[in-house]
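Let me begin by presenting the structure, written as structure tokens, before commenting on it.
Please treat every number below as a calculation from the coordinates, not as lab data. Please read these numbers as outputs of a predicted model, since none were measured by experiment. All Cβ positions, glycine included, derive from the backbone under ideal geometry; neighbour counts span all protein chains shown.
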Amino acid sequence: MAHATRFDRNAKPCITFSGNEMRDAIRIAGACGRPTAALAALVAGLWLSGCGDFWQDPYATSSSGGSTTSTTTLTASPTSVAVGASVTLTATVSPSAATGTVTFYNSSTSIGSADLSSGTATTSTSFTSAGTESLTAFYSGDDTYASSTSNAVSVTVTAAAASRSSSGSLAAAKVTPGNGSGAEDGLRVATGAYRAAPIHAIQAFQTTGGGFSAKNAEGVIVEGHGSVTLTDSVVSAAAGAGRGVLLDQSSSQAGDPRFAMTGGSLGYSCDEASNPACGENAPSKEQSRPATLFAVANAKAAITLTDVQVRNETQSVSRPNGTLLTAAALPACGAPGENGGPVTLRAQGTALSGDVIVDAASTAQIAILEDPSGSGSSLSGSINAANSGKEVDLKLDRGSLWNVTGTSYLTALDGLDLDGRTVNNIDGGGHCVYYSGTINGSASTVIFALNGGGFLAPAGTAGLGCAVNR
């Protein structure tokens, strides 16, 4: 089998050869690799990394497998992790009809193997020390397709930060100037107390490969000029005050809070069926009613999600799809009439679910877009169903989709994929969407048909026979 084996450049001499007949004169002279693996590889050829040049077996005339060329491509996700964190490796072999096995390597060490299925093979691994790892995948070939080796993929491994836990007050987990501010990669925080958010930022905070969990609190609170930037991190929260992420400002922390997440996952669970406090009739004035994944109050906030796996379990009797975003005044935040939540929500390559609520003191600009690689976003839910928001705009692109689950009211819509008077990138589900402003940047009074049933119509249009809200 043709196979490239990489040896430790610091353990010389690695291998010496006696004469030109490699098959008959192989001698392991140093402990720079497992002898059995080295000998098997040397039958067809060797790449001695740091120990010599590339040696090709003169007797070898082709790689293993069939005669049809194959190519193997390797990807890793994420490419920056903390020690002990899992990395998923995916090898894609072309043509996709290829069968057989792919073996994954960290330098010369095998770290797993998997059978091909529809041209792909996947395994997971983790690392025990910090540094940069060079990973490859080797496809062994089959009766039709020749073997092939992938490109090398680098994964950066950072030292794991000390974990923190809190079963007491909010302050125990608060990200403040003296406690975990700035950049802290690989940070792990777990909390158990009510409203003890694992991240509570009042200034800029960022992390890569972090893990944050809350049993009875928001996963993230961002106040005033605070900002949170998470990369390839995991946030999981439940119950608490009825919101997974809160962006607001107080009298002591004024400013425009920002939350940005790239890769990783964000999850929040607070459904009325299992916890009545998560519904419309929650008694506490601090509670978001109903529970919502994102809450914005008394602040001009920005939320950006790129290639994030989102889990939103906030179903209630009145909102069976759950609530994605609530931009609305909270009695405990700011002055009445001035404590709304102007917000921009931008999702790229991310699937979202849940309704969007906007009250009379708030505005919302929502963008559901492709990520830089062309992976689209989606939103399943209603927007501004109560027709209460001061201004609510939606931007789409051709690679993204809004699945409408209830009557919605918008000011302006941009990026609509129009085929005559049919909108292709909105699935109406039989519902009506009403607009009071522009369509794709121009004034309009046109009634458009929505893909999947329903209409996009000027505000005040009657008699369309649309489905009622569920």
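Counting only other residues whose beta carbon sits under 10 Å from that of Asn425, what net charge do I get with K and R as +1, D and E as -1? My count for the surroundings of Asn425 gives -2. With R₀ fixed at 22 Å, the C-beta to C-beta distance from Asn387 to Asp419 puts the FRET efficiency at about 0.20. If you add up the charges near Thr262, with Lys and Arg at +1 and Asp and Glu at -1, over every other residue whose beta carbon is less than 10 angstrom from its beta carbon, what do you get? Net charge around Thr262: -3. Note on segment 324-470: Kirkwood hydrodynamic radius from all Cα pairs is 15.3 Å, rounded to one decimal.
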